[in-house]
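Q: This structure is in structure tokens; I'll ask about it shortly.
The values are calculated or read from the model by the stated rules, or taken from the named source; none is laboratory data. In this text, all values refer to a predicted model and were calculated from it rather than measured experimentally. Virtual Cβ from ideal backbone geometry, glycine too; neighbours counted across all protein chains shown. These area figures cover heavy atoms from the full protein model, side chains too; ligands, DNA and RNA do not enter into them. Shrake-Rupley method; radii C 1.70, N 1.55, O 1.52, S 1.80 Å.
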Amino acid sequence: MKTNLLGGAAVALALSVATPAFAQSADAPAPAANSGDIVVTATRQSTLLSKTPVAMTAVTGDSLRSAGITDPRSLAQVAPNLSITESGDGVRIAIRRVTSTDGTEKGDPSAAFLADGIYLARPQAQEVSFFDVERVEVLRGPQGTLYGRNTTAGVVNVITASPKHKFGASADASYESFNHVNGTATLNVPVAETFALRAAVNYDRRDTYVNKTSTDKFSWGPFKDVFAARLSALWEATPNLKVLVKGDYSLDDGYGVHSVPITTFFSGNVGSPSAGGQGKNHNKGAGVMGQIDWNVSDSLTATYLGSYRTMDRYSLGSLYSATTPGAGNRTTFTGHYWQTSHEARLAFKKGPVFIQAGGYYFKEQSGIAFFILDFFGPNSQFGFPQDPTKAVTNGAFAQGSYNFTDNLKLTAGVRYSSDDKSRVGATVNDNLLTGVRTTFQTNNASRNFSKTTWRVGVDYDLPGIGLLYANVATGYKAGGFNDGCEIGTGTGCALPASALYYQPETLTAYEIGAKARLFDNKLRLNFSAFHYNYNNLQLTQVGPFCAGGTQCTQTTNAASAKVDGIEAEGTLAVSKNGKLDVQLSLLDARYGTFYPNAATYPTLNFANVRLDRSPTTTLTLGYTHTFPMANGGEVVAGVRSKYSTSYSMLALSIYGRFTQPAYTQTEVNVTYNSPNKTYYVQAYG
């Protein structure tokens, strides 16, 4: 067994001065004191977490800080069946072990990442939004009716702090192993009775986890070196009209991917030993979002949610050989991306009836170019200029609920989505001396996909116990295209349509659950059991699929897959100052029918092979104890340990499987909170 130790320390200061508030929102129910409940917006309305009939985990910003969670990857510590990993092409999210590994300009996730309700299409833009967070909501299962695009696996929604009608300032800094420095500062200013501003800045730097060898000639800088800032404005024009605007900017000058040969971790026939790389990134992102809420009448509310974002990526890298470090080719990547989204919805509530309906528009466009220098000799570059790649989504949705009694409610919803995808590109070689470009093939493609999805559910609030619920929902993720072009459509085009295009991924999910509050709220339990039927599950693999046998990304469809699981979360107040947390996940995620290469291997069927990264059992135990101090401060000590059974990962390019053995991960933290919590000091490891 190998043990890895990571440790760190954090310190923060906070200052707030109350000022007269104006037009505070009254539509959200207030959780009872010390109930452990919070207000969430998972159903596009403010509800208590304990009364929301959705399998979800919601964590406040203070709870994230107490657990030492400073980036999305660490959310798996507090949310069952969630995995967030970081790769060279950005953040990858798996919910109930369903994920997408295509982080290219033409790929889509299976689990949507939202910032303040805005869908962020590119995984490279997702991690930098994780500072000055009010709460995080993780919704498990298909959420397409209300959230739309690419939510077959679920949703991670990061809600950042909005301006408040009181003066406040804070500073938070931490230092961890691998020279990981993270610091955040915020300032909240009430400019007028109806207008407030909030500013937040963040700096996040960390060295690579990879040990540099003495034969490596490259100079390695920090893995990431990120500066990010956000400015928010809140205007409550009238008691019935509220306008919220947030703008953000980020700059990443880290060195990105520091990869090593795959033989470092796995033995056997694992392919070429030349897998590896060194990179230098320069990525910039910026965006603005706005939300307008208008209470038209006592029963009708209108909401508009819109955004515009841009991102520029530049990477200078080197592909090197494991046997002769430094002997490989240099690479360059440039990319410009922009996206815009607009959603308008109406919410009607009167008596036992609550109805939401609206429309959604999303457009994304990018232009990228990846080149391998000196691939066909000195002063040449071989690569893939793709410009433009476009994705346009139009959607319309409606969801309504009816309370037959104060405790019994029926909910039904429907959504229609239409996705247009296209790309213009080529596989080329440039002579940098003469300026002559040789085109091996065009990479043009265009397709439309559409689907109607629906959801039906019932919930019952059992007096003295809690909420019981059951639902059936369908999900849809648009199809797309691989690199290459269809036979007869251009230069070098040799792919049949069945190889160029892959089909939409669809899902039918059945779920029952309960959210109980027992023994005067000392015991809180959340339980869910689910069954998924996937059709055309999209699988992405990097392999020698492109012209000349070069590495590129290819997506195919597995005919079917099934996922069965049980999730349980519990919190027990064992004493006035002690709290025990338990999370248990039992999962059986497997392919139904999947022939990865029926033409070459007609009998190779991955039926009943487990899906990637799907351990059958994960168990997390945590205990937190608060020690009050005579000066009014407190010391909070916590320990959390996670156990996971083994899981495997498919490598379709070599028709192999890699196995991660069972493991245990334990974390401890100790926090001192000053009187009135004006500052804290925390150590964790």
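Q: Of G425, G413, which residue is within 27 Å of K451 (Cβ to Cβ), touching a residue at least 60 places away in the same chain (Cβ under 8 Å), open to solvent by less than 30 Å² (accessible area, probe 1.4 Å) and assigned to a strand (DSSP E or B)?
A: Details: G425 fails: touching a residue at least 60 places away in the same chain (Cβ under 8 Å).
The match here is G413.
Q: OK, next. N150 passes all but one of (1) touching a helix residue (DSSP H, G or I) at 6+ places or on another chain (Cβ under 9 Å); (2) assigned to a strand (DSSP E or B); which number fails?
A: So the condition that N150 fails would be (2).
Q: Check G285, G279 and return the single one that is of a type in the set (G, A, S), modelled with pLDDT under 80 and open to solvent by less than 50 Å² (accessible area, probe 1.4 Å). Before the answer, list the steps.
A: On the way: G285 fails: modelled with pLDDT under 80.
Unique residue meeting the criteria: G279.
Q: Take the residues of the range 456-466 that are open to solvent by less than 20 Å² (accessible area, probe 1.4 Å) and at pLDDT 95 or above: which is farthest from the chain's Cα centre (by Cα)? Write out each step before concluding.
A: Going through the range 456-466, the residues open to solvent by less than 20 Å² (accessible area, probe 1.4 Å) turn out to be 457, 459, 466.
If we keep only those that are at pLDDT 95 or above too, we end up with 457, 459.
Details: G457: 26, D459: 28 Å.
Of everything passing the filter in the range 456-466, D459 is farthest from the chain's Cα centre (by Cα).
Listed here are the residues, each with its yes/no results for (1) of a type outside the set (K, R); (2) open to solvent by 20 Å² or more (accessible area, probe 1.4 Å).
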{"position": "A67", "(1), (2)": "yes, yes"}
{"position": "N81", "(1), (2)": "yes, no"}
{"position": "R96", "(1), (2)": "no, no"}
{"position": "T101", "(1), (2)": "yes, yes"}
{"position": "E105", "(1), (2)": "yes, yes"}
{"position": "D108", "(1), (2)": "yes, no"}
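Q: Looking at (1) within 25 Å of the chain's Cα centre (by Cα); (2) modelled with pLDDT of 90 or more; (3) buried (at least 17 other Cβ atoms within 10 Å of the Cβ), which is the one condition that is false for N482?
A: (2)
Q: Are there any pairs with C-beta distances below 6 angstrom linking a residue in the range 158-170 that is open to solvent by less than 10 Å² (accessible area, probe 1.4 Å) to a residue that is of a type in the set (G, A, S) and at pLDDT below 95, with the two at least 6 apart or on different chains, and if so which?
A: Going by the 6 Å Cβ cut-off, the qualifying pairs are V158/A115; V158/S129.
Yes/no matrix, rows are residues, columns are (1) open to solvent by less than 30 Å² (accessible area, probe 1.4 Å); (2) among the hydrophobic types (A, V, I, L, M, F, W, C); (3) under 27 Å from S83 (Cβ atoms):
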{"position": "Q583", "(1), (2), (3)": "yes, no, yes"}
{"position": "P602", "(1), (2), (3)": "no, no, no"}
{"position": "R613", "(1), (2), (3)": "no, no, yes"}
{"position": "R640", "(1), (2), (3)": "no, no, yes"}
{"position": "P675", "(1), (2), (3)": "no, no, no"}
{"position": "Y679", "(1), (2), (3)": "no, no, no"}
{"position": "Q682", "(1), (2), (3)": "yes, no, yes"}
{"position": "G685", "(1), (2), (3)": "no, no, yes"}
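Q: Restricting the range 303-322 to residues that are at pLDDT 75 or above and of a type in the set (A, V, I, L, M, F, W, C), which is nearest to the chain's Cα centre (by Cα)? I'd like the intermediate steps shown before the answer.
A: Taking the range 303-322 as the starting set, the residues that turn out to be at pLDDT 75 or above are 303-317.
Keeping just the survivors that are of a type in the set (A, V, I, L, M, F, W, C) gives 305, 311, 316.
Working: L305: 20, M311: 17, L316: 26 Å.
Across the range 303-322, the extreme among qualifying residues is M311.
Q: I've got another one for you. Of the conditions (1) more than 30 Å from Y476 (Cβ to Cβ); (2) open to solvent by 20 Å² or more (accessible area, probe 1.4 Å), R345 fails just one. Which one is it?
A: (1)
Q: Output the residues belonging to the range 552-581 that are open to solvent by 30 Å² or more (accessible area, probe 1.4 Å) and of a type in the set (V, I, T).
A: Of everything in the range 552-581, those that are open to solvent by 30 Å² or more (accessible area, probe 1.4 Å) and of a type in the set (V, I, T) turn out to be T556, I566, V574.
Q: Tell me yes or no: at least one residue of the range 494-504 is of a type in the set (S, T, N, Q), touching a residue at least 24 places away in the same chain (Cβ under 8 Å) and surrounded by 15 or more Cβ atoms within 10 Å (Cβ to Cβ).
A: Filtering the range 494-504 for residues of a type in the set (S, T, N, Q) gives 498, 503.
In the following step, the residues that additionally are touching a residue at least 24 places away in the same chain (Cβ under 8 Å) were identified as 503.
Now narrow it down to the ones that are surrounded by 15 or more Cβ atoms within 10 Å (Cβ to Cβ): 503.
Yes, the range 494-504 has at least one match.
Q: It is to be established whether one or more residues within the range 345-367 are over 19 Å from A302 (Cβ atoms), among the β-branched types (V, I, T) and modelled with pLDDT of 95 or more. Spell out the reasoning first.
A: Applying the first criterion (over 19 Å from A302 (Cβ atoms)) to the range 345-367 yields 351-352, 362-367.
Narrowing the set further to residues that are among the β-branched types (V, I, T) leaves none.
Within the range 345-367, not a single residue is over 19 Å from A302 (Cβ atoms), among the β-branched types (V, I, T) and modelled with pLDDT of 95 or more.
Q: Same structure, new question: Please tell me if T474 is open to solvent by less than 40 Å² (accessible area, probe 1.4 Å), in a strand (DSSP E or B) and more than 30 Å from D406 (Cα to Cα). Give the derivation first.
A: Working: open to solvent by less than 40 Å² (accessible area, probe 1.4 Å): yes; in a strand (DSSP E or B): yes; more than 30 Å from D406 (Cα to Cα): no.
No: the conditions fail for T474.
Q: Also, quick follow-up: Which pairs have Cβ atoms under 9 Å, sit 6 or more apart or on different chains, and link a residue in the range 505-524 that is assigned to a loop (DSSP other than H, G, I, E, B) to one that is of a type in the set (S, T, N, Q) and open to solvent by 30 Å² or more (accessible area, probe 1.4 Å)?
A: Once the first residue is assigned to a loop (DSSP other than H, G, I, E, B) and sits in the range 505-524, its partners that are of a type in the set (S, T, N, Q) and open to solvent by 30 Å² or more (accessible area, probe 1.4 Å) give N521/N34.
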